[in-house]
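For reference, the structure discussed in these notes is given below.
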Amino acid sequence: MFSTVAVVGAGTMGQGIAQLLVEAGLTVRLYDHAPQALDRAMAAVTRRLQRRLDAGAQPATAPGALLAAGAMTQLADAELAIEAVPEDLGLKQAVLAELEDHLAASAVLASNTSCLDIDALARATRRPQRVLGLHFFNPPPLMPLIEVVPATATDQTVIAAVHAFAQSLGKTPITVANRPGFIVNRLLFAMIAEAVRIIDEGWSCAADVDRALCLGASHPIGPLALADFIGLDVTVDILNSLTIGLGPHYAPAAALRDLVAGGHLGRKSGRGFFPYG
Ligand SMILES: NC(=O)c1ccc[n+]([C@@H]2O[C@H](COP(=O)([O-])OP(=O)(O)OC[C@H]3O[C@@H](n4cnc5c(N)ncnc54)[C@H](O)[C@@H]3O)[C@@H](O)[C@H]2O)c1
């Protein structure tokens, strides 16, 4: 089992994954290429961990350690690395290729990609048999599912080890075929794309679209509030990638592209389809 894990990319997902792993008693080395992003992330994760303890959370295991890594050389003792950098194939390939130069040959390299081709990521390294997709959901400490996406070359022992690891975190892992969007995002982003199109075509307003899905289909959160939560820039990246992989019905409509162009990225920027305090 993995005891030291490198998390690469300290944004929305990297922070959540780091928190989850520290709460499970692991040593986490958190790396971001932007020093300010790393500082912000360290402060945010530390604050969240403390808030949970202050609220009387009784962890099953003693919390692990959260360590900031200012350079990839400081990730050398990680047995597993999880990359959570932006959804860009070339960027993720470059990050994985660089990572493997710093980690032991036995280390597993995992990508938190939402929809990119895991074979293309695995091929960027010299150890495709130790590369796979490990898709957490937002927020990682709370969401129970992890999609495990093997590349064609991924070793069965690596798949088994990652399943056991996910279960040790209290998650339910499912093995999913390496197809665009896997299961969850193929379905979820079809709905988000259509919800934005309804706004674009003037059929309804954002509040009513979300109300319709919450009250009419028992969804706990509407598709537009969910896009705000994911991050509208990340949502556009994922929709563009799904458009290439699955077809034009995933293309991000103008209402979404305009918000991103205006710097309105959802919760993280204070405004998206809805305003945030
Ligand atoms: N946001 C979600 O709800 C969600 C859910 C599941 C999966 N994902 C996936 O997780 C990944 C990250 O998404 P996010 O929302 O956390 O993005 P984000 O933009 O919040 O964070 C990305 C982080 O990566 C850092 N980064 C960029 N280039 C880097 C590099 N070369 N080396 C190290 N760090 C680098 C950035 O500084 C930033 O801090 C994407 O692949 C996304 O599709 C996102």
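Any read-out appearing in this document is the output of simple, stated calculations on the displayed coordinates, not a laboratory observation. All values derive from a computational prediction rather than experimental measurement. Counting neighbours? That spans all protein chains shown, and the Cβs are built from the backbone with ideal geometry, glycine included.
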Show me, for the stretch 9-18, the HN-Hα J-couplings you get by feeding each phi into the Karplus relation (A = 6.51, B = -1.76, C = 1.60, θ = phi - 60°), rounded to Hz, glycine and proline as x. x, 10, x, 3, 6, x, 5, x, 5, 4
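What full-extension length gain, to one decimal in nm, is calculated for Leu142 and Ala60 as 0.36 nm per residue of separation minus the Cα-Cα distance? The partial results should precede the final answer.
Details: separation 82, 0.36 × 82 = 29.52 nm, distance 1.54 nm.
Between Leu142 and Ala60, full extension yields an extra 28.0 nm.
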At a 10 Å Cβ-Cβ cut-off, how would you order Lys171, Lys92, fewest neighbours first? Lys171, Lys92
So for the pair Glu98, Ala212, with labels modelled 7 Å out along Cα→Cβ, what separation do we get in nm? 4.4 nm
When only alpha-carbon atoms count, how far does the stretch 4-175 stretch along each of its three principal axes, as whole angstroms with the largest first? 45, 33, 26
Burial order of peptide ranges 54-60, 81-87 (average beta-carbon count within 10 Å, highest first): 81-87, 54-60
What does the charge dipole of the stretch 119-269 about its Cα centre add up to, to the nearest 20 debye, if the Cβ of each Lys and Arg holds +1 and the Cβ of each Asp and Glu holds -1? 600 debye
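Indicate, rounded to the nearest 5 percent, the antiparallel portion of the DSSP beta bridges found entirely in the stretch 110-196.
40 percent
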Going toward the positive end of the dipole of the stretch 185-269, with +1 on Lys and Arg Cβ and -1 on Asp and Glu Cβ, which of His219, Tyr250, Ala206 do you reach last? His219
Amide H proximity to Ile146 below 5 Å, modelled H, separation 5+ or other chain, gives Thr172, Ile174
Find the relative contact order for the stretch 4-175 and round it to a whole percent, using C-alpha pairs within less than 8 Å whose residues are 6+ positions apart. 21 percent
Charge dipole (the stretch 4-175, unit charges on Cβ, about Cα centre) - positive-most of Val108, Leu121, Thr152: Val108
Around Asp237, under 10 Å between beta carbons, what's the net of Lys plus Arg minus Asp minus Glu among the other residues? -3
Give me the percent of DSSP beta bridges within the chain that run antiparallel, rounded to the nearest 5. 20 percent
Using bins 10 angstrom wide from zero, how does P(r) for the stretch 132-270 break down, in % of all Cα pairs? 11, 36, 33, 16, 4, 0
Fewest first, what order do Thr73, Thr4, Thr113 take by the number of other Cβ atoms within 10 Å? Thr73, Thr4, Thr113
Please give the Cα centre distance for the stretch 193-239 versus the stretch 1-22, rounded to the nearest Å. 28 Å
To test your reading of the geometry: what angle, between 0 and 90 degrees and rounded to tens, separates the Cα axis of helix 206-217 from the longest principal axis of the chain? 70 degrees
